[in-house]
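Written out below as structure tokens is the structure these notes cover.
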Amino acid sequence: MKQKALLYKGKAKSVFRTDVKGQFIVEFRDDITAFDGGKKDVLKNKGSYNAGVSAFLFEYLEKNGVPTHFVKMLDPRRMVVRELAMIPLEVIVRNVAAGSIVRNYPFKEGTKLSPPIIVIDYKDDARHDPMLNDELIVALKLATAKELAEIKTIALKINALLVKLMAAQGITLVDFKIEFGRSGKTICLGDEISMDSMRLWDKKTNESLDKDVYRFEKGDVMATYNRVAKRITTKAAAAPAKKTAAKVPARKPVKVPAKKPATTKTAAKKAPVKASVPAKKPVKKPVAAKAAAKRAPVKIVAKKAVKKPAGKTPAKTR
Ligand code: 5GP
């Protein structure tokens, strides 16, 4: 297979045309970003860890009846995929309250969400991926009501399969984001499922094993990705788990500071939260007050949590 012209370059992956009709190559780069692209780095081998985990999980899901775009790996960071007409939705499934659901709603971090909660965002960086509801999705013609029902059914099936697989490795699947596309009339799982798109906690210690390590400078990101990639991709992980229920040990509570006087009309409507982005690398791009109020990260009680630079609040932590 020959790699041809670049079709699309995202924040961490590039998609290329190939000489095979209906097949693309996805290259997982070593770029890592967070806070709406406000924090960026290049971390050696990150692309291959994410590609390896994605390939393993796509194969596991395919074996269990979930159609995916995965064809094969060309090398540790390049994946051959089937061409899909991507649907611009970010489908997020949550088993445990963490991240934006804790910032935006009165959930306590670590609370088990049973049944799992599905949240669907509009994939649109310029609009900071606003949350949608079923009516908006249909009105915007992003998917039909029938497709949407199918997407939710598949998302819950993927969740059940991944919860089981992660549990076998002592990992709690807190939440994850997936994207779908159409291959003819079939809805297929596309994009990736990796440490960048899942929130994973060690069942015993509650240690973060995902991009939160990078977002909040909780430790050595690549050592964590390397360890968790090995843990997830061991054959034993795909064996049936004895216990499938996601048991969530108590976590340190997320500290939400006392309310400050609101400075804008929008901010006045929402509870102000204190952000924790690394002091050394302030977020450069100021964002609109509305988006900031919606997505501002709370201060995470962690060893290396630091205060955000005054007046600069990232729109989101992704
Ligand atoms: P949250 O809404 O709490 O920021 O994210 C929920 C889950 O979806 C997390 O596991 C997060 O990593 C994933 N997620 C949300 N948005 C994105 C995105 O734009 N890109 C990626 N890779 N993952 C996302």
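Read-outs throughout are calculated quantities, based only on the coordinates presented, and are distinct from any laboratory measurement. Because the structure is a prediction, the values reported are computed rather than measured. So basically every Cβ, Gly included, is an ideal-geometry build from the backbone, and we count neighbours across all protein chains shown.
Please list, in order along the stretch 186-198, the HN-Hα scalar couplings obtained from phi with the Karplus expression 6.51 cos²θ - 1.76 cosθ + 1.60 (θ = phi - 60°), rounded to whole Hz, x for Gly and Pro.
Running phi through 6.51 cos²θ - 1.76 cosθ + 1.60 with θ = phi - 60° gives 8, 8, 10, 6, x, 6, 8, 9, 8, 5, 6, 10, 10 Hz.
If I stretch the segment between ASP220 and ALA126 completely, what's the gain in nm (0.36 nm per residue apart, minus their alpha carbon distance), one decimal?
30.8 nm
Name the shape class, rounded, prolate or oblate, that the alpha-carbon gyration tensor gives for the stretch 126-170, where a ≥ b ≥ c are the square roots of its eigenvalues, rounded holds for a/c under 1.5, and otherwise prolate holds if a/b is larger than b/c and oblate otherwise.
Because a/c hits 1.5 or more and a/b fails to exceed b/c, the stretch 126-170 counts as oblate.
Return the sequence-ordered ³J(HN,Hα) values of the stretch 168-182 in whole Hz as given by the Karplus equation 6.51 cos²θ - 1.76 cosθ + 1.60 applied to θ = phi - 60°, using x for Gly and Pro.
Going residue by residue, I get 4, 9, x, 10, 8, 7, 6, 6, 7, 10, 10, 10, 10, x, 9 Hz, with x marking Gly and Pro.
Hey, got the dipole for the stretch 3-90? About the Cα centre, +1 on K and R Cβ, -1 on D and E Cβ, debye to the nearest 20?
220 debye
Assuming 1.306 mPa s and 10 °C, estimate D for the stretch 86-238 with Stokes-Einstein, Rh taken as the Kirkwood radius over Cα pairs, in µm²/s.
In µm²/s, the coefficient rounds to 97.
What residues have an amide H closer than 5 Å to that of LYS123, excluding those fewer than 5 places away on the same chain, when H is modeled at 1.01 Å from N in the peptide plane?
LEU89, GLU90
Please name which of LEU200, VAL174, GLY184 has its Cα lying farthest along the dipole of the stretch 164-210 towards the positive end, using unit charges on Cβ (Lys, Arg +1; Asp, Glu -1) and the Cα centre as origin.
GLY184
Calculate the FRET efficiency for ALA145 and LYS44 from the Cβ-Cβ distance with a Förster distance of 51 Å, rounded to the nearest 0.05.
With R0 = 51 Å, the Cβ-Cβ based efficiency is 0.65.
With the dipole of the stretch 86-238 worked out from charges on the C-beta (+1 for Lys and Arg, -1 for Asp and Glu) around the Cα centre, which of ALA143, LEU165, ASN104 lies farthest toward the positive end?
Value: LEU165.
Find how much the distance from THR153 to GLN23 grows on full extension, using 0.36 nm per residue of separation minus their present alpha carbon separation; answer in nm with one decimal.
My answer for the length gained is 44.2 nm.
Roughly how many nanometres apart are two label points built 7 Å out from the Cα toward the Cβ at ALA85 and LYS9?
Each label point is offset 7 Å from its Cα along the Cβ direction, giving 2.8 nm.
What is the packing order of peptides 98-111, 127-140, taking the mean over residues of other C-beta atoms within 10 Å and listing the highest first?
98-111, 127-140
How large is ³J(HN,Hα), in whole Hz, for each residue of the stretch 4-13 in order, when computed from phi with the Karplus curve 6.51 cos²θ - 1.76 cosθ + 1.60 and θ = phi - 60°, using x for Gly and Pro?
3J(HN,Hα) across the stretch 4-13, in whole Hz: 10, 5, 5, 9, 7, 10, x, 6, 9, 9.
Using amide H atoms built in the peptide plane, which far-off residues or other-chain residues are under 5 Å from MET73 H to H?
VAL80
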